[in-house]
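Everything on this sheet refers to the single structure shown next.
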Amino acid sequence: MTIQRQYQLPNCSLILDGLSIDPTPGSEEIMSLLVNAECRISGLERSLNGGYNFFSALVRAVSQYSQEVLSGFAHPQVAEDEPLLVHINPGEGPYHHLVIQPEVADLGGASDGRAIDIKLSAVQLFDLSEAVDQFFDDSQTLPELAPALAPLPRRFVRADQPLGDRLLPAALGVGSLVAATMAIGLLPVPKLKEPNTALTGADRPAEVIASTPDANNTEPAAPENIAAVNASSPLWEDSPRIDDQAQLESLQTELQNKLELNAEPAGTFTQPASYQVAVNEAGEVLGYKFNDDIAAKNVDKTPLPRLARDNADKAELETQAIAQYEATFDTDGVTVTPWQDGTQVATKTEDADATQSETAIDSADQPKTPAESGSKNSLAADTTSATFSSEPPTTLTQFTEVEALNSQLKDILVENREQPRVGADPASYRVRISQDGTITGYQPIDPEAAEAIEETPLPKLVESTSEDVSSVDYRVVFTERGVVEVSPWWGWSYYE
Amino acid sequence: MQVQSPPTTEPPKPQVIDQLTTPEGVPNECSRRAKTQIDLLLLAIEALDLGGAEAMLASSKELGLDEVIRGRVNLWLLRSSNPLRRFSQRQPMSLEEGKALVLITCFLARRLTVLIRQLLLGYQQLNDQELSFEHHFRLSDYLARFRSHFRARMNAKRSSVIAYSTDEKLNELAIDLLTKLLFCTGIDGAERLWISLFDGEVS
């Protein structure tokens with residue numbers, strides 16, 4: 001039985017012609033097979049006609065884009081691995097662009113092979129959306145097509161930023177979408193291939209980049225600043241490298257702290273994701289690269305896009321000297337190591353190997369015998385002027401010595417603080433002190449402690465040591481009542 | 001003897017609120033963004049309709065939501081949970097209260113459908129002819145009223161409010177809110193608005 005259904009709004013009507021193929025009583029009125037879908041839009045001379053592929057792609061795109069209008073966040077308009085047949089982009093002022101690939105629908109005339117681009121005003125778009133919603137509410141027509149309204153997962157949305165900060169990227173995004181829309185219009189029929197999900201790591205994920213299969217060839221698809229922070233930038237090839245050893249070390253600490261401070265809670269990364277990160281002399285993140293799918297997929301969970309974007313439009317990006325690091329996010333948090341690319345990296349290779357093979361300090365809680373850790377990390381000490389990711393090269397074992405250093409460290413900290421830290425939550429650090437009473441490193445235990453580091457005397461007390469001196473690690477807590485508590489990292493019993 | 005006693009059964013929970021489903025995996029209170037969005041949409045309604053504030057209370061009764069929105073002060077407190085407000089109340093907004101405000105927003109938007117469409121069509125014509133807003137009396141009236149409401153009530157020291165320090169930026173915001181209100185007038189408008197408030201809140 002043939003059935004026709006119409007959903008009419010002032011500026012848009014949907015007319016569906018189809019068949020009922022289920023003869024059981026009660027179901028014969030249900031349109032289960034679509035023969036033709038016609039979409040009439042006011043101001044458009046001819047109507048859009050297409051089959052099921054067109055209609056299902058249209059209702060999905062319209063429904064998703066309506067959510068985008070309401071929330072301001074770009075919604076993916078196509079499921080992963082599906083070709084992009086119908087897509088809506090924001091346009092300038094009150095306009096939006098409905099872009100349809102010519103192989104699924106036609107405007108009545110002979111197709112010139114280009115994508116159909118229909119400019120819709122806000123009111124026209126709403127009427128289209130309303131017609132689609134009326135169709136969704138009609139359980140008698142193609143009941144398998146449902147709106148599937150769901151909030152956008154966090155990974156598609158940037159972290160909390162004040163409204164104002166979102167304006168610039170949004171404007172850039174809109175600009176790039178317009179550019180992409182125009183580019184699509186100019187292109188010959190794109191060969192449909194699976195959307196390149198590896199590219200969704202860029203700033204506006206599923207929107208332009210994943211959705212336009214051929215956009216890889218067209219530069220404007222990605223906003224300029226994203227190109228600059230990502231792989232294609234001359235930043236990586238042309239920039240001078242920082243080769244001052246001490247500076248490289250302090251930049252490494254700074255990057256580690258910055259990433260920890262901004263990272264998502266532990267457990268976000270089930271598989272380790274590694275990134276090549278470039279920072280300038282001021283410690284600002286200029287760019288990052290990734291080489292595998294896991295890293296690409298998870299890039300939005302890292303603070304890297306945000307940190308890099310803040311510096312993306314800085315002038316003369318490529319002329320600044322940079323240092324490169326490898327940042328690895330895994331279940332335990334983030335680890336920063338010098339990047340090994342065969343070029344000038346200040347740390348010796350074996351040092352890096354030692355630090356890389358070691359797990360992060362939080363997981364190194366298990367006491368190891370000093371001899372074992374000593375032999376394993378004999379070179380680690382010179383890479384860790386302010387922070388460290390391993391046990392001290394050699395440590396003291398005598399209870400009395402450890403006790404003496406304990407009180408010495410406490411005295412140093414109490415004498416050097418500007419004022420007792422009162423009122424804030426307790427902040428804990430792992431602090432390494434050498435036999436002669438020099439503080440050689442510290443590491444915040446948690447992000448809160450990292451944030452409070454400036455309220456402690458630790459940063460100005462650290463001195464770098466290059467020789468292998470015996471050191472002991474202590475747990476230092478600046479309590480909320482202004483008391484400094486010091487105890488050996490592995491507990492007193494370890495030394496008895 | 002005639003005895004006056006209150007009804008023994010509890011009044012049933014407002015039915016209308018159940019038409020909105022809470023998406024899975026969301027926190028059990030409304031986010032900062034949700035509180036901001038709702039308040040701004042209501043602000044736009046006030047700019048469209050002089051009696052908007054009264055209409056909010058009236059429609060809350062009409063929809064049977066006065067159990068959730070308990071009067072003028074409660075409505076004011078809820079709207080003041082918008083962090084951009086000058087006298088922002090750092091109080092949470094429960095999902096139920098959020099739903100009630102979404103329903104009121106969409107109810108009022110639907111009443112204003114004709115006006116909203118006229119203003120958006122007017123904006124489109126001005127845009128096509130590259131004319132300023134002053135050429136459309138009703139639109140410039142709405143924009144002026146929105147700007148003055150916004151400036152009177154939002155905390156100008158907050159960075160997110162500073163972003164709207166110029167007339168142009170506020171006009172853009174007002175038009176953006178007008179478009180959102182148009183989408184609220186649809187048959188699934190309330191559901192769509194409600195779900196959109198959780199964008200980026202689920203993992």
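The values are calculated or read from the model by the stated rules, or taken from the named source; none is laboratory data. Treat the numbers as computed from the prediction; the structure is a model and nothing was measured. Cβ coordinates were reconstructed from backbone atoms using ideal geometry, including for glycine residues, and neighbour counts include every protein chain displayed.
List of remarks:
- Number of the exception - A:Leu48 against (1) in contact with a Pro (Cβ under 9 Å, 6 or more places away or on another chain); (2) more than 9 Å from chain B (Cβ to nearest Cβ); (3) touching a residue at least 12 places away in the same chain (Cβ under 8 Å): (1)
- For the criterion of being out of contact with any strand residue (DSSP E or B) (no Cβ under 7 Å at 6 or more places or on another chain), β-branched (Val, Ile, Thr), touching a residue at least 12 places away in the same chain (Cβ under 8 Å) and within 14 Å of chain B (Cβ to nearest Cβ), A:Val59 passes.
- Of all residues making up region A:480-495, the number that are surrounded by 16 or more Cβ atoms within 10 Å (Cβ to Cβ) and modelled with pLDDT of 80 or more: 4
To keep it simple, each residue is scored yes or no on (1) in contact (Cβ under 8 Å) with a residue 12 or more places away in the chain; (2) under 13 Å from B:Ile45 (Cα atoms).
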position: B:Asn82; (1), (2): yes, no
position: B:Glu97; (1), (2): yes, no
position: B:Ala100; (1), (2): yes, no
position: B:Arg110; (1), (2): yes, yes
position: B:Ile116; (1), (2): yes, yes
position: B:Gly122; (1), (2): yes, no
position: B:Gln129; (1), (2): no, no
position: B:His136; (1), (2): yes, no
position: B:Ser140; (1), (2): no, no
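- Residue match in region A:134-150 (condition: at the interface with chain B (Cβ under 9 Å from one of its Cβ atoms) and in a strand (DSSP E or B)): no
- Only one of the numbered conditions (1) out of contact with any His (no Cβ under 9 Å at 6 or more places or on another chain); (2) within 9 Å of another protein chain (Cβ to nearest Cβ) is not met by B:Asp199, and that is (1).
- Only one entry of A:Gly108, A:Gly43, A:Gly113 meets the criterion of being at positive phi and within 14 Å of chain B (Cβ to nearest Cβ), and that entry is A:Gly43.
- Region B:3-49, residues that are of a type in the set (S, T, N, Q), at pLDDT 80 or above and out of contact with any Asp or Glu (no Cβ under 8 Å at 6 or more places or on another chain): B:Thr22, B:Asn28, B:Thr36, B:Gln37
- Listed by position, the helices (runs of 4 or more DSSP H) inside region B:97-196 whose residues that are within 11 Å of chain A (Cβ to nearest Cβ) and more than 21 Å from A:Ala131 (Cα to Cα) number at least 2 are B:113-129, B:159-162, B:167-184.
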